[in-house]
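Engineer: Supplied in structure tokens, the structure appears directly below.
The values are calculated or read from the model by the stated rules, or taken from the named source; none is laboratory data. Note that the structure is predicted; figures quoted are calculated from it, not measured. Note that we place each Cβ from the backbone using ideal geometry, even for glycine, and neighbour counts take in every protein chain shown.
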Amino acid sequence: MNTSVFIARRYLFSKKSTNAINIISGISMLGVLVGSAALIIILSVFNGFETLIVSLYNNFTPELKVLPVKGKTFDPATLHLDTLRKLPDIFSVTEVLEEKVLLRYGKSQFIGTVKGVSNDFLKNPNLDSTLQIGSFTLKDGKENLAVIGVSVQVSLSINVRDQAARLQIYSPRHNVVNSTNPLDEFVVRYIGMSGVFSVQQDFDDMVITPLSFTRELLDEPKKVSYVEININPNVNQQRIQRELQSRLGKNYVIKNRYQQNTSLYKLLNSEKWAIFLILTFVLIIAIFNIIGSLTMLVIDKRKDIAILTSLGADKGLVQRVFFYEGMLISLVGCVIGMVVGLIFALLQQRFGFISMGGTTMVQAYPVTIRPTDFLLVFVTVISISVIASGISARLSVQKLDEIKQEL
């Protein structure tokens, strides 16, 4: 074993002549332990929130979305959708016509979004997981039905279980200006409701209807806003995206889920790294307590230092002893802290004993454990420890000659 490491290990676990040094060393190790554990727990919780939110989005959003480069709508016939549906890697192809509308129920009004979808939309097996009330039914015989977002239900106080209830949807009529009767400027349609879904604020103001109903409402017999494409399991999404982009040409852009929700992913990452930086600063303060601990240890081991130098040890060896001493304090604290953080995260993941409270969909704080977080915390702690231990090691030999003369 390296001489410096051997001496440093003996100093770490041996009893010091001054009990306060043991206490200070213990506090330094405890600070690293708590900081490391806190980083693991916080990162795991943010991972859990990210996994939860992204899964909710994925239950509702398509894997690929085809949008026009110019304009709000386009003719889907140019995409040859029937040919796309026959491709072996394609699971579903949904035509979507979407627009802002005025919604009325009784005397209440709400500005929402009507989303007309073709039959393939209902092939999504995850739709039922977004439901709060009712079912995801858009047709009952010849009758059109709508599934509304929870924001629409709450804002309009809609009783979806009332089979006689009808939602009024108003859309501006094309090429009608300054009519003597304001109602002539709008197309008004009534529709029953089969269920209420909840995903996220961006989607909860929607009213999902059959495409034929939305075409009639918006007076748009051919065009669509975009096309949603889902692929079969175990199919490389990037490959399909590239192939479709090549097939459809420059007039269309194909976005994957990340590209569809870039603001969401950026927000999740920015919040996570902001908290990580804050806790890292706390960890820096805890680790720099090692400087005080090692300074006290130098004072306690003045006689040992003098003996080592008399036996031929140079300043470099003395520096390395106290450098490794600081690193051992940090390493032990870091490893124990990560183990504590892992145990806590596993218990929360298994039993959910810390509740979020309120009436949220998720009762307990979600946790997702990622090995990369442990590597990140370990590298962060070791990097800071190298700086703190290096400073302490330099201080340990500054007055080495004076120590030798005194002894």
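Engineer: What are the residues in region 105-121 that are at pLDDT 90 or above and surrounded by fewer than 17 Cβ atoms within 10 Å (Cβ to Cβ), if any?
Structural biologist: Ser108, Gln109, Ile111, Asn119
Engineer: Which of (1) surrounded by 14 or more Cβ atoms within 10 Å (Cβ to Cβ); (2) part of a strand (DSSP E or B) does Lys100 not meet, given it meets every other one?
Structural biologist: Looking at each condition in turn, Lys100 falls short on (1).
Engineer: Right, next: Output yes when any residue across region 258-265 is aliphatic (A, V, I, L, M) and either within 17 Å of Ser383 (Cβ to Cβ) or loosely packed, with under 13 Cβ neighbours inside 10 Å (or both), and no when none is.
Structural biologist: no
Engineer: Could I ask something else about it? Answer yes or no as to whether Ser212 is surrounded by fewer than 17 Cβ atoms within 10 Å (Cβ to Cβ) and either on the phi < 0 side of the Ramachandran plot or assigned by TED's automatic domain parsing to the domain that holds Ser36 (or both).
Structural biologist: So Ser212 passes the test.
Engineer: Out of region 195-228, which residues are over 24 Å from the mean Cα position of the chain (by Cα) and within 17 Å of Val93 (Cα to Cα)? Full working, then the answer.
Structural biologist: As a first pass, look at region 195-228 and keep what is over 24 Å from the mean Cα position of the chain (by Cα): 195-196, 207-227.
Correct list: Ile208, Thr209, Pro210, Leu211, Ser212, Lys222, Lys223, Val224, Ser225, Tyr226, Val227.
Engineer: Suppose we filter Asp162, Asp128 for residues that are in a helix (DSSP H, G or I), without any contact (Cβ under 8 Å) to a residue 40 or more places away in the chain and acidic (Asp, Glu); which single one remains?
Structural biologist: Criteria check complete, one pass: Asp128.
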